1. Quantify how much of the Cα-Cα distance distribution of the stretch 51-200 extends past 23 Å, in percent.
2. Which of the peptides 5-18, 40-53, 97-110 is most tightly packed, and how do the rest follow, judged by the mean count of other Cβ atoms within 10 Å per residue?
3. Using a Förster radius of 25 Å, what is the FRET efficiency between residue 2 and residue 116 based on their Cβ-Cβ separation? Nearest 0.05, please.
4. Considering only DSSP beta bridges whose two residues both sit in the stretch 5-182, what percent are antiparallel, to the nearest 5?
5. What Kirkwood hydrodynamic radius do you get for the stretch 1-103 when you take the inverse of the mean 1/r over all pairs of distinct Cα atoms, in Å?
6. At 0.36 nm per residue, and after removing the present C-alpha to C-alpha distance, how many nm does the segment from residue 14 to residue 135 gain when stretched out fully?
């Protein structure tokens with residue numbers, strides 16, 4: 001089977017983003033953005049999803065860079081998945097990280113939707129503004145055209161939760177779920193829907 005891959009491309013008056021994504025990879029990462037926390041989360045995403053991710057991004061404002069990476073990476077994921085023939089379609093990931101447990105479920109269905117418990121209150125230990133990672137996820141979901149549910153079984157309001165632990169567990173769980181959902185299942189002959197079509 002040929003590796004499923006796509007270029008990551010987005011250039012506007014505000015950002016310049018380039019690279020590539022291979023979803024049938026080995027978890028290799030080469031990520032360079034202006035923000036250490038984003039580099040770290042995307043590296044965890046690539047490693048635990050067995051995605052080869054090469055990404056370089058620069059721009060003017062942090063929210064432009066973060067959101068546009070979400071757009072570009074979401075588009076690349078959708079293109080790499082391709083016609084969805086024989087994929088599992090659904091995937092889950094559950095990752096504990098010390099005091100927190102994050103559960104993620106995804107559906108590669110062509111119907112973008114992000115449903116999540118509130119983000120942690122304390123984000124003082126991150127180098128991005130509050131809400132930046134959810135801005136990324138919103139853009140990623142809408143451009144990958146997937147449904148993403150995020151659940152925190154304990155401490156859903158984030159009180160007493162280290163935000164670094166929360167987001168690291170979240171990105172790892174998302175990677176595991178997407179890896180499972182995009183995996184080819186040889187038992188499935190064709191589109192994984194009784195309708196016979198997934199509009200990506």
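Read-outs: derived from the displayed coordinates by stated rules, not from any lab. Values in this document were obtained by computation on a predicted structure and should not be read as measured data. Reconstructed Cβ throughout: ideal geometry from the backbone, glycine too, with neighbour counts over all protein chains shown.
1. The calculated P(r) of the stretch 51-200 puts 38 percent of pairs beyond 23 Å.
2. 40-53, 97-110, 5-18
3. Efficiency at R0 = 25 Å is approximately 0.15.
4. Percent antiparallel among DSSP bridges in the stretch 5-182 is about 80.
5. 14.6 Å
6. 41.9 nm
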